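The values are calculated or read from the model by the stated rules, or taken from the named source; none is laboratory data. Source: prediction; values computed, not measured. Positions of Cβ are generated from backbone atoms using ideal geometry, with glycine treated the same way; all protein chains shown enter the neighbour counts. We work out accessible area using only protein heavy atoms, side chains counted, and drop any ligands, DNA or RNA first. Shrake-Rupley method; radii C 1.70, N 1.55, O 1.52, S 1.80 Å.
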Amino acid sequence: MTTVFPLPSPTLPEFTTLLLKGPYHASAPIYLCLTHLANRPGTRAILLSPSRDNFIIALRDLNDDWLNECGGYGAVSQVLSRVDVFYPSTPHHASLALSMLRVSQPETAPSQLEIASPCLLLLHEFSSYFLDQENSHL
(Lines give C-alpha, C1' and ligand atoms only; values in the text may rest on other atoms or scores of the structure.)
Protein backbone atom coordinates (compact mmCIF):
# COMPACT_ATOMS: atom_id res chain seq x y z
CA MET A 1 0.00 0.00 0.00
CA THR A 2 2.99 2.29 -0.54
CA THR A 3 2.33 5.42 -2.58
CA VAL A 4 3.69 8.92 -3.15
CA PHE A 5 0.26 10.56 -2.91
CA PRO A 6 -2.33 10.92 -0.14
CA LEU A 7 -4.72 7.98 0.07
CA PRO A 8 -6.87 6.97 -1.69
CA SER A 9 -4.53 6.89 -4.64
CA PRO A 10 -2.79 4.38 -6.89
CA THR A 11 -0.26 2.34 -4.96
CA LEU A 12 3.16 1.09 -5.94
CA PRO A 13 3.78 -2.64 -6.32
CA GLU A 14 5.69 -4.40 -3.54
CA PHE A 15 9.40 -3.68 -3.91
CA THR A 16 12.78 -4.31 -2.39
CA THR A 17 14.44 -1.61 -4.50
CA LEU A 18 12.66 1.30 -6.12
CA LEU A 19 13.85 4.22 -8.22
CA LEU A 20 11.53 7.16 -8.78
CA LYS A 21 12.89 9.40 -11.53
CA GLY A 22 11.57 12.68 -12.76
CA PRO A 23 9.68 15.55 -11.27
CA TYR A 24 7.34 14.83 -8.40
CA HIS A 25 5.70 16.95 -5.74
CA ALA A 26 7.71 18.06 -2.69
CA SER A 27 5.68 15.98 -0.22
CA ALA A 28 6.20 12.70 -2.14
CA PRO A 29 9.03 11.55 0.20
CA ILE A 30 6.76 12.10 3.21
CA TYR A 31 3.91 10.10 1.66
CA LEU A 32 6.32 7.37 0.62
CA CYS A 33 7.62 7.03 4.19
CA LEU A 34 4.16 7.36 5.73
CA THR A 35 2.41 4.79 3.56
CA HIS A 36 5.34 2.35 3.60
CA LEU A 37 5.52 2.33 7.40
CA ALA A 38 1.76 2.45 8.08
CA ASN A 39 1.29 -1.34 7.82
CA ARG A 40 4.72 -2.26 9.15
CA PRO A 41 4.59 -1.70 12.93
CA GLY A 42 7.93 -1.48 14.69
CA THR A 43 9.84 -0.55 11.54
CA ARG A 44 11.63 2.70 10.84
CA ALA A 45 12.57 4.70 7.78
CA ILE A 46 15.58 6.88 7.12
CA LEU A 47 15.30 9.83 4.77
CA LEU A 48 18.52 11.41 3.50
CA SER A 49 18.21 14.75 1.73
CA PRO A 50 21.10 17.02 0.78
CA SER A 51 19.52 20.30 1.88
CA ARG A 52 17.19 20.87 4.82
CA ASP A 53 16.47 24.42 3.66
CA ASN A 54 15.55 23.37 0.11
CA PHE A 55 13.35 20.54 1.40
CA ILE A 56 11.47 22.82 3.81
CA ILE A 57 11.08 25.61 1.25
CA ALA A 58 9.69 23.14 -1.31
CA LEU A 59 7.20 21.78 1.26
CA ARG A 60 6.16 25.30 2.27
CA ASP A 61 5.70 26.36 -1.35
CA LEU A 62 3.60 23.29 -2.10
CA ASN A 63 1.38 23.91 0.96
CA ASP A 64 0.00 20.33 0.83
CA ASP A 65 -3.66 20.34 1.92
CA TRP A 66 -3.68 16.77 3.21
CA LEU A 67 -0.53 17.25 5.30
CA ASN A 68 -1.88 20.54 6.67
CA GLU A 69 -5.16 18.93 7.64
CA CYS A 70 -4.12 15.42 8.72
CA GLY A 71 -0.42 15.70 9.54
CA GLY A 72 -1.13 16.44 13.19
CA TYR A 73 -3.49 13.50 13.75
CA GLY A 74 -2.20 11.05 16.32
CA ALA A 75 -2.06 8.06 13.97
CA VAL A 76 -0.20 10.05 11.30
CA SER A 77 2.19 11.62 13.81
CA GLN A 78 2.91 8.22 15.34
CA VAL A 79 3.92 6.76 11.98
CA LEU A 80 5.95 9.84 11.01
CA SER A 81 7.77 9.69 14.36
CA ARG A 82 9.40 6.51 13.02
CA VAL A 83 11.09 8.46 10.21
CA ASP A 84 14.61 9.72 10.88
CA VAL A 85 15.66 12.56 8.57
CA PHE A 86 19.30 13.44 8.00
CA TYR A 87 20.74 16.17 5.82
CA PRO A 88 24.27 15.25 4.71
CA SER A 89 25.46 18.47 3.09
CA THR A 90 28.20 17.07 0.85
CA PRO A 91 28.80 13.85 -1.08
CA HIS A 92 31.42 12.95 1.54
CA HIS A 93 28.92 13.36 4.37
CA ALA A 94 26.36 11.30 2.44
CA SER A 95 28.92 8.57 1.85
CA LEU A 96 29.79 8.56 5.54
CA ALA A 97 26.13 8.38 6.59
CA LEU A 98 25.44 5.51 4.19
CA SER A 99 28.55 3.61 5.29
CA MET A 100 27.39 3.82 8.92
CA LEU A 101 24.05 2.11 8.29
CA ARG A 102 23.80 -1.36 9.79
CA VAL A 103 20.97 -3.74 10.57
CA SER A 104 20.47 -3.75 14.35
CA GLN A 105 22.57 -6.35 16.13
CA PRO A 106 23.52 -6.59 19.83
CA GLU A 107 27.24 -6.14 19.07
CA THR A 108 26.73 -3.00 16.94
CA ALA A 109 28.54 0.06 18.23
CA PRO A 110 26.17 2.76 19.51
CA SER A 111 27.80 5.34 17.22
CA GLN A 112 26.34 3.67 14.14
CA LEU A 113 22.90 4.41 12.74
CA GLU A 114 20.85 1.36 13.63
CA ILE A 115 17.76 0.51 11.69
CA ALA A 116 15.21 -2.21 12.25
CA SER A 117 14.68 -4.58 9.38
CA PRO A 118 12.68 -4.36 7.15
CA CYS A 119 12.87 -0.63 6.70
CA LEU A 120 12.88 2.07 4.09
CA LEU A 121 15.98 4.00 3.14
CA LEU A 122 15.00 6.98 1.02
CA LEU A 123 17.65 8.96 -0.85
CA HIS A 124 15.91 12.19 -1.72
CA GLU A 125 17.34 14.48 -4.43
CA PHE A 126 20.71 12.74 -4.37
CA SER A 127 21.39 13.78 -7.95
CA SER A 128 22.09 17.28 -6.61
CA TYR A 129 25.39 15.97 -5.25
CA PHE A 130 26.54 15.47 -8.82
CA LEU A 131 25.85 19.02 -9.95
CA ASP A 132 28.76 21.41 -10.06
CA GLN A 133 28.70 24.11 -7.38
CA GLU A 134 27.71 26.83 -9.86
CA ASN A 135 24.53 24.96 -10.82
CA SER A 136 23.72 23.50 -7.40
CA HIS A 137 21.09 26.18 -6.75
CA LEU A 138 18.93 24.91 -9.67
task: Answer yes or no as to whether Leu12 is over 21 Å from Cys70 (Cα atoms), surrounded by fewer than 17 Cβ atoms within 10 Å (Cβ to Cβ) and under 14 Å from the mean Cα position of the chain (by Cα).
output: no
- line: Only one of (1) under 26 Å from Ser128 (Cα atoms); (2) in contact with a helix residue (DSSP H, G or I) (Cβ under 9 Å, 6 or more places away or on another chain) does not apply to Leu32, and that is (2)
query: Is it the case that Asn39 is surrounded by fewer than 13 Cβ atoms within 10 Å (Cβ to Cβ) and on the phi > 0 side of the Ramachandran plot?
result: no
- prompt: Has the stretch 59-71 got at least one residue that is open to solvent by less than 30 Å² (accessible area, probe 1.4 Å), within 14 Å of the chain's Cα centre (by Cα) and small (Gly, Ala, Ser)?
  reply: no
task: Could you give me the residue pairs with C-beta distances under 6 Å whose first residue belongs to the stretch 38-61 and is touching a residue at least 24 places away in the same chain (Cβ under 8 Å), whose second residue is open to solvent by 20 Å² or more (accessible area, probe 1.4 Å) and basic (Lys, Arg) wherever it lies, and which are 6+ apart or on separate chains?
output: Arg44/Arg82
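I'm checking my understanding of the structure. Among residues of the stretch 121-138 that are polar (S, T, N, Q), loosely packed, with under 13 Cβ neighbours inside 10 Å and at pLDDT 55 or above, which one is farthest from Leu20 (Cα to Cα)?
Step one: filter the stretch 121-138 for residues polar (S, T, N, Q), giving 127-128, 133, 135-136.
Imposing the further condition that a residue be loosely packed, with under 13 Cβ neighbours inside 10 Å reduces the set to 127, 133, 135.
With at pLDDT 55 or above added as a condition, the list becomes 127, 133.
Details: Ser127: 12, Gln133: 24 Å.
Result: Gln133.
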